[in-house]
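For reference, the structure is listed below as C-alpha cells.
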Amino acid sequence: MGIKTWIESWPVYRQLTDDDPLGRGSAAKSRTSSTLRPRITDADHVTKSICPFCAVGCGQNVYVKEGKVVQIEGDPDSPVSRGRLCPRGSSSLQLTTGDAREYTVRYRRPGGTDWEDLDLDTAMDMIADRVIASRAEGWQWEHEGKRVRRTMGFASLGGATLDNEENYLIKKLFTALGAIQIENQARI
C-alpha cells in the first residue's frame with residue numbers, strides 16, 4: 001500500500017475531502033465496517049417483549065432464528081422507552097444465551113448441610129407440591145364465625161423489579177390460591 005493510499009484510508013482525510021464533513025457517514029466507515037451485517041437480518045421472526053430488569057417496562061424486540069434468540073434491541077414502537085434501553089436492558093440477551101445462565105436450582109434439604117443441584121422440572125414440582133400441601137394444611141373455611149375461605153399457609157412478597165402487569169397477575173394467582181397475605185416491596 002502506497003503512502004497516498006494509506007493517507008486516503010484515514011477517516012479524517014475522507015471527512016475533509018469527501019461529502020461527509022461531519023464524519024457521520026462514509027467517512028466514519030472502514031473496510032471492515034462496510035462488510036458487517038446486522039445480526040437481525042437473518043432472523044426468522046421478531047417478538048415484542050418487556051425488559052425484565054426493573055419496573056419501568058421498556059419495550060424490547062426479540063429476534064429469533066431457528067428457535068434461538070439472536071438479538072434483543074429496544075422497541076421503537078414502545079411509548080415507554082421509544083427504542084432505547086439502559087445498559088442493563090441492553091445486556092438482556094445474556095439472560096437467554098449467556099454462559100452464566102443457570103439451568104439448575106441449588107437446594108439444601110431440611111436438616112442438610114450440603115447443597116445439591118436439581119433440574120428445573122424437579123424444583124417446580126417440589127414447589128407445586130408444597131403449595132398444595134400448605135394450602136390444605138392452612139385452609140380456613142370460617143374464622144370467628146365468618147366465612148373467609150382462605151389459607152394462612154403461605155404469602156407473597158413481590159419485588160421492585162416487577163411491573164404493574166406482573167404484580168396484577170401475581171395478585172390474581174395468590175388470590176385464586178386463597179392467600180390473603182400479599183404484599184409488594186415497591187409499596188413499602
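The values are calculated or read from the model by the stated rules, or taken from the named source; none is laboratory data. Computed from a prediction, not measured in an experiment: that's the story for all the values here. Ideal geometry is used to build each Cβ from the backbone, glycine not excepted, and the neighbour counts take in all protein chains shown.
Summary of computed values
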read-out	value
Filtered residues of segment 83-134 (kept if among the hydroxyl-bearing types (Ser, Thr, Tyr), modelled with pLDDT of 90 or more and surrounded by fewer than 11 Cβ atoms within 10 Å (Cβ to Cβ))	Thr113
Identity of the residue in segment 64-82, crowded, with 18+ Cβ neighbours inside 10 Å and among the acidic types (Asp, Glu), that ends up nearest to Ile40 (Cα to Cα)	Glu73
Failed criterion for Leu120 (all others in (1) within 25 Å of Gln185 (Cα to Cα); (2) hydrophobic (A, V, I, L, M, F, W, C); (3) under 30 Å from the mean Cα position of the chain (by Cα) hold)	(1)
Selection count where residues are within 24 Å of Glu165 (Cα to Cα) and either among the polar types (S, T, N, Q) or within 13 Å of the chain's Cα centre (by Cα) (or both), scope segment 70-85	6
Residues (of a type in the set (Lys, Arg), more than 17 Å from Glu66 (Cα to Cα) and under 31 Å from the mean Cα position of the chain (by Cα)) located in segment 23-47	Arg37
Within segment 83-188, helices (runs of 4 or more DSSP H) holding 1 or more residues that are more than 29 Å from Ile50 (Cα to Cα) and out of contact with any strand residue (DSSP E or B) (no Cβ under 9 Å at 6 or more places or on another chain)	120-138
Check on Glu142, under 21 Å from Phe174 (Cα atoms) and not aromatic (Phe, Trp, Tyr)	yes
Any hit, segment 48-57, residues being exposed (fewer than 12 other Cβ atoms within 10 Å of the Cβ) and either in the same structural domain as Ser92 (by TED's automatic domain parsing) or over 30 Å from Glu8 (Cα atoms) (or both)	yes
